[in-house]
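Let me begin by presenting the structure, written as C-alpha cells, before commenting on it.
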C-alpha cells in the first residue's frame, strides 16, 4: 500500500515550491548584516501538538543568541531574532520560512522539528538559496546544500539504538510511530537492519500526530509479546501512549520501549511514573558530563527557571546558532555561499562534546548515547559510542541498507 504520509506531503511540497517561487531571490544574496544588526529567523511550533517539544528548542536558540550578543555579537554586530510560529502545520512552516527570507531578510533560519516541516521548508530554502539550520534527529536519506542538520542522522541514533537492543538480546521488536515521513522511513531502515541481524518485526502500527487513544494499539503490542518496542511517536501522543501502556500492566522490565523522540522535556509531559526505566537514544542528556554542559544547564535554568530541563533537540538548536556564528566569522560575511563554503570542518566543544561539521553533507559528527529514564525524570547514560560518529545519512557504509540508499 502506498505510504499515506507521503501522499499528505505532496500538496505541502507543492505549496512550498509555489511560495518559494514568489518574489525575487535577492533577499538571500549578499551580506545580510545591516546597520541595526544581523536578523536571524527562529521558526518552531509554539502552538499545536508539537509545542510540547519545540517551545524549548526556541528557548535554547534564543539563549545562544543572547550569549553571543553578550560576547560582542557576530562581525561586530548584534544578532536580532525574528521569531515565528509554525503552529504544528507544515504549510505554515513553508509560509513563515518564505516570510522570514523575503520580507524580514534574515541571514539564516533556525527551525523545524518534524520531517514533514523540514520537507515543506526544503524547496523554499533551495529556491531562494537561503540557509536553514535544522536541529532535530531525523530519518536520514536526505541532504541539501541549503540545510545544515545539527541533530543526529540515522547511523548516529537509530542504528546505535538497534545495536544496543541486539546486544541486550532483544530480537523480537514491535514498531509504533506517528503517521508521517520520519517514522515510516525510520521503520524501513529498522526493518532492513532487522532482516540482516536476525531480528523479527512482530508488528508495525501508525497513528496520526496528536492521537490520544492507544488502548487498541497497546492491546496489539501486549498480545504480540515483543522483547522490546521501538517508538517513533512524536509530540504529545507520547503522553497518551505511555500512560496507556502502563495501565495495561506493561513495565520497562517486562517490555522496554526504545524511543528516539522522547527527551527530558517530553518525560516531564508524559509523567515520570509512566516512563521511568524505559530506554531512549540520543546524542546528549542533561546529565552528560562535560564542562560545556555544566555551563549550558546552569545558563538555561538561570534564564528560564530552576525547574526547567535541557534535552538533545534543545542542545542541537543551541549548537546550531554557535556553529552558524563560527562559520560566519570564518567567512567574514553572512553571504550564504561563503558561509556554506566556510562551514565545512568547523569544530566546537559543545555540551554534548566535540561537534564537527561535515562539509560534504552538512551533517555533524556526533557521539551516540543510549540512556534510561530515571525516577527523577532525568536520563542516565548506559552506553556511548566512545567518539563522534561520522554522519552517513544515506547509510552507504552499511551493506544491508543498499536498497534504501539507492531508493
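The values are calculated or read from the model by the stated rules, or taken from the named source; none is laboratory data. The structure presented is a predicted model; accordingly, all values stated were derived computationally and were not measured. Because the Cβ atoms are built from the backbone with ideal geometry, glycine has one as well, and the counts that use them run over all protein chains shown.
Can you spot a residue in region 309-329 that is assigned to a loop (DSSP other than H, G, I, E, B), more than 26 Å from residue 110 (Cα to Cα), in contact (Cβ under 8 Å) with a residue 60 or more places away in the chain and within 20 Å of the chain's Cα centre (by Cα)? Show your work before the answer.
The initial filter retains those residues of region 309-329 that are assigned to a loop (DSSP other than H, G, I, E, B), namely 309-311.
Filter once more, keeping what is more than 26 Å from residue 110 (Cα to Cα): none.
No, region 309-329 contains no residue that is assigned to a loop (DSSP other than H, G, I, E, B), more than 26 Å from residue 110 (Cα to Cα), in contact (Cβ under 8 Å) with a residue 60 or more places away in the chain and within 20 Å of the chain's Cα centre (by Cα).
Output yes when any residue across region 355-375 is on the phi > 0 side of the Ramachandran plot, touching a strand residue (DSSP E or B) at 6+ places or on another chain (Cβ under 7 Å), surrounded by 16 or more Cβ atoms within 10 Å (Cβ to Cβ) and in a loop (DSSP other than H, G, I, E, B), and no when none is. Outline the logic, then answer.
Taking region 355-375 first, the residues on the phi > 0 side of the Ramachandran plot are 362.
Among the residues that remain, those that are also touching a strand residue (DSSP E or B) at 6+ places or on another chain (Cβ under 7 Å) are: 362.
Then drop every residue that is not surrounded by 16 or more Cβ atoms within 10 Å (Cβ to Cβ), which leaves 362.
Now drop any that are not in a loop (DSSP other than H, G, I, E, B), which leaves 362.
Checked region 355-375: at least one residue is on the phi > 0 side of the Ramachandran plot, touching a strand residue (DSSP E or B) at 6+ places or on another chain (Cβ under 7 Å), surrounded by 16 or more Cβ atoms within 10 Å (Cβ to Cβ) and in a loop (DSSP other than H, G, I, E, B).
For region 60-81, which positions are touching a helix residue (DSSP H, G or I) at 6+ places or on another chain (Cβ under 6 Å) and either within 12 Å of residue 43 (Cα to Cα) or part of a strand (DSSP E or B) (or both)?
Result: 61, 74, 79, 81.
Filter the helices (runs of 4 or more DSSP H) completely within region 209-272 down to those with at least 3 residues that are within 18 Å of the chain's Cα centre (by Cα) and closer than 28 Å to residue 48 by Cα. Write out each step before concluding.
Details: elements: 215-224, 237-247, 264-270.
Answer list for region 209-272: 264-270.
From the list 70, 33, pick out the single residue that is under 28 Å from residue 351 (Cβ atoms), modelled with pLDDT under 95 and surrounded by fewer than 22 Cβ atoms within 10 Å (Cβ to Cβ).
Going through 70, 33 in turn, the sole match is 33.
Would you check if there is a residue in region 171-188 being more than 15 Å from residue 362 (Cβ to Cβ), part of a loop (DSSP other than H, G, I, E, B) and in contact with a helix residue (DSSP H, G or I) (Cβ under 7 Å, 6 or more places away or on another chain)?
Restricting attention to region 171-188, the residues satisfying the condition of being more than 15 Å from residue 362 (Cβ to Cβ) are 171-188.
Those still in the list that are part of a loop (DSSP other than H, G, I, E, B) too: 171, 179-180.
The next check asks that each one be in contact with a helix residue (DSSP H, G or I) (Cβ under 7 Å, 6 or more places away or on another chain); those that pass are 179-180.
The answer is yes; a qualifying residue exists.
Residue 335 - would you say it is more than 24 Å from residue 45 (Cα to Cα), surrounded by fewer than 16 Cβ atoms within 10 Å (Cβ to Cβ) and out of contact with any strand residue (DSSP E or B) (no Cβ under 7 Å at 6 or more places or on another chain)? Explain how you work it out, then say what you get.
On the way: more than 24 Å from residue 45 (Cα to Cα): yes; surrounded by fewer than 16 Cβ atoms within 10 Å (Cβ to Cβ): no; out of contact with any strand residue (DSSP E or B) (no Cβ under 7 Å at 6 or more places or on another chain): yes.
No: the conditions fail for residue 335.
Return the residues of region 179-216 that are touching a residue at least 40 places away in the same chain (Cβ under 8 Å), more than 14 Å from residue 235 (Cα to Cα) and crowded, with 16+ Cβ neighbours inside 10 Å; say none if nothing qualifies.
181, 184, 185, 186, 187, 188, 189, 190, 192, 193
I'd like to verify a number: residues in region 278-292 that are under 24 Å from residue 138 (Cα atoms) and out of contact with any helix residue (DSSP H, G or I) (no Cβ under 8 Å at 6 or more places or on another chain), how many? If you could, list the steps in order and put the result at the bottom.
First pass over region 278-292, keeping only residues under 24 Å from residue 138 (Cα atoms): 278-288.
Right, trim to out of contact with any helix residue (DSSP H, G or I) (no Cβ under 8 Å at 6 or more places or on another chain) and you get 280, 287-288.
Count: 3.
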